[in-house]
1. Please go through the stretch 282-320 and give me each residue that is in a helix (DSSP H, G or I), open to solvent by 40 Å² or more (accessible area, probe 1.4 Å) and in contact (Cβ under 8 Å) with a residue 24 or more places away in the chain, ordered by number.
2. Quick one: which residue in Phe259, Phe279 is open to solvent by 60 Å² or more (accessible area, probe 1.4 Å) and either out of contact with any Gly (no Cβ under 6 Å at 6 or more places or on another chain) or at pLDDT below 85 (or both)?
3. Just need a number here: residues in the stretch 94-113 that are within 22 Å of Tyr39 (Cα to Cα) and either open to solvent by 30 Å² or more (accessible area, probe 1.4 Å) or not in a loop (DSSP other than H, G, I, E, B) (or both).
4. State which residue is nearest to the chain's Cα centre (by Cα) when the search covers only the stretch 42-71 and only residues that are over 23 Å from Thr120 (Cβ atoms) and of a type in the set (Asp, Glu).
5. Just need a number here: residues in the stretch 72-93 that are over 40 Å from the mean Cα position of the chain (by Cα) and surrounded by fewer than 16 Cβ atoms within 10 Å (Cβ to Cβ).
6. Are any of the residues in the stretch 198-214 crowded, with 16+ Cβ neighbours inside 10 Å and at pLDDT 85 or above?
7. Pick from Thr11, Thr72, Thr46: which is of a type in the set (S, T, N, Q) and at pLDDT below 60?
8. With the structure loaded, tell me whether Lys264 is open to solvent by less than 40 Å² (accessible area, probe 1.4 Å), assigned to a helix (DSSP H, G or I), on the phi < 0 side of the Ramachandran plot and among the basic types (Lys, Arg) or whether it fails that test.
Amino acid sequence: MDVTHNFIVLTCLLFLHPLKVEKVSGKVLEETYRKWVQYKEDCFNTIRNESPPQTGLFCNRTFDRYACWPDTPAGVMINISCPFYLPWYDKVSQGVVRRRCGYDGHWEREDNGQVWRDMTQCEEEKEVASQELWFKQLMVSFKMLYTVGYSLSLFTLITALIVLLSFRKLHCTRNYIHANLFLSFILRAVAVIVKDTMLEHHWGREIMKPTDVSEMLSHQAAVGCRIAQVIMQYCVLANHYWFFGEAIYLYSVLIASVFIDSNKYLLYIYLGWGTPLLFVVPWVVAKMLKENKECWAVNENMNYWWIIRFPVLLASLINFLIFTKILKVIFSKLRASNPTHYPDYKLRLAKATLTLIPLFGIHEVIFVFATDEQTTGVLRYIKVFFTLFISSFQGFLVAVLYCFGNKEVQAELKRKVGSWRMGTETICCGQ
C-alpha cells in the first residue's frame with residue numbers, strides 16, 4: 001500500500017482522531033514521520049533477515065503500520081515495546097503493545113474484522129493530553145489577541161499614513177521619517193498575518209487523502225511559507241531600524257544638530273530599508289544550507305537565530321542609550337530659565353519618542369536570551385503574552401502619538417474640515 005496512506009493511518013493513531021489530523025506542530029509531525037519511516041525500514045530488514053520457525057504452527061511476522069511483529073507461536077500473546085517514533089515515547093518507553101496469535105495460526109481479529117491489538121500502554125497519558133489541550137487553547141487566545149492588535153494597528157497606521165501624505169504643510173523630513181515608520185509597521189503587520197496564513201495552510205490542513213501527506217511534507221509546499229517567513233523577518237528588522245532612525249533624528253534635533261536637512265533624508269532610507277538586508281540575506285543563506293526544514297520557524301541552531309536577533313538587540317540598546325541621553329537634556333532644559341531654543345514641536349516629538357523607546361526596547365532586552373525554544377512553563381507564557389501584546393498594539397500607539405495626537409496634524413485636519421464645511425454651506429446657500 002502507498003506509504004502516504006500508511007502515514008495517514010499512523011497520524012490517525014497518534015492523534016486519536018478519525019479521518020483527519022488535528023492541527024499539530026509541524027516540527028512534531030515531520031520528526032514523527034522521519035522516525036516512523038526509520039522504524040518501518042528496520043522492521044522490514046528484520047522480516048527479511050530472520051529465519052522462520054522450523055516447526056509448529058505460528059502467526060507470520062508482519063508490520064501493521066504501528067508496530068513490528070515477529071513470528072509468534074499459535075495460542076501465544078506477544079508483547080512488543082512501544083514504538084520509538086511516538087512523540088511521547090519517553091513517557092511510555094516501559095510500556096508494551098500486544099497481539100494474540102490464535103490456535104489456528106492466524107492473528108486474532110475483532111468483531112469488525114480488524115486484527116486485535118492492545119496499545120493502551122503506549123497511548124499518551126490523559127493528564128498530559130489535557131495539559132496540551134489547555135496550552136493549545138491558550139495559544140489560540142494569544143493568536144486572537146495579536147490578530148486584533150495587528151488589525152487595529154493596520155487600520156490606524158494606514159489612516160495616519162494617508163493623513164501625513166495628503167497635507168502638503170505636513171511634508172518635511174521629520175514627517176517623512178514618521179511616514180516610513182508607519183509603512184514599516186504596516187508591512188510588519190501584513191507580513192505577520194500572511195505568515196500565519198501560510199503556516200496555517202501548510203500545517204493546519206486536514207489530511208483526507210494520501211496525497212495530502214506527501215504535499216504537506218514536500219519541499220515545494222514549504223517554499224511559500226518560507227518566503228513569507230523571510231519577508232516577515234525583513235519587515236520586523238525594518239520596523240526596528242526605522243524606529244532607530246526616529247531615535248537618531250530626535251537626537252540630531254535636540255542635541256547634535258546633524259542629519260536634519262532634506263539632503264540627509266536618503267541616509268535614513270538606507271538605514272531603515274537597507275540595513276535589514278545585511279542581516280536577512282546571510283540568515284536566508286544559513287537556513288538554506290544548514291537548517292532547511294519546515295517553514296524556517298524553528299531555531300535548532302541558535303547561532304543562525306542570532307544573525308537576525310543581534311541587530312534587533314543592538315538597535316534596542318542604542319535606542320535606550322539615546323533615551324537616557326535625551327532625558328538628561330530635557331530635564332536640564334526644563335530647569336533652565338530660557339527654554340526658547342527648543343520649539344514646541346521638538347518637545348512634543350521628544351515626548352512621543354521617549355514614550356515609545358522604553359516600550360519598544362525593554363522587552364527585547366529582558367527576553368533576549370529567553371527564546372520560545374529555551375523557556376518553559378509560566379515564564380514562556382509571560383514572554384509570549386508580553387511580546388505579542390506589545391508587538392501587535394505598538395503600531396496603534398505609534399499612529400496615535402505621531403499623528404492623531406500631534407497638534408500640527410490636528411490643526412490641519414480642523415482647517416480641512418472647516419474649509420469643507422464652508423464650501424458645503426456656500427453650495428447650500430447658493431441653492
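1. Selection gives Pro282, Met302, Ile307, Arg309, Phe310, Leu317, Ile318, Phe320.
2. When all the criteria are applied, what remains is Phe259.
3. Narrowing the stretch 94-113 to residues within 22 Å of Tyr39 (Cα to Cα): 94-100, 107.
Okay, now just the ones that are also either open to solvent by 30 Å² or more (accessible area, probe 1.4 Å) or not in a loop (DSSP other than H, G, I, E, B) (or both), so 94, 96-100, 107.
So the answer is 7.
4. That would be Asp42.
5. 6
6. no
7. On the way: Thr72 fails: at pLDDT below 60; Thr46 fails: at pLDDT below 60.
Of Thr11, Thr72, Thr46, the one residue that is of a type in the set (S, T, N, Q) and at pLDDT below 60 is Thr11.
8. Working: open to solvent by less than 40 Å² (accessible area, probe 1.4 Å): no; assigned to a helix (DSSP H, G or I): yes; on the phi < 0 side of the Ramachandran plot: yes; among the basic types (Lys, Arg): yes.
No, not satisfied.
The values are calculated or read from the model by the stated rules, or taken from the named source; none is laboratory data. Owing to the predicted nature of the structure, the values given are computational and were not obtained by experimental measurement. Please note: Cβ atoms are built from the backbone with ideal geometry, for glycine as well, and neighbour counts cover all protein chains shown. With ligands, DNA and RNA removed, areas are computed over all heavy atoms of the protein, side chains included. Shrake-Rupley method; radii C 1.70, N 1.55, O 1.52, S 1.80 Å.
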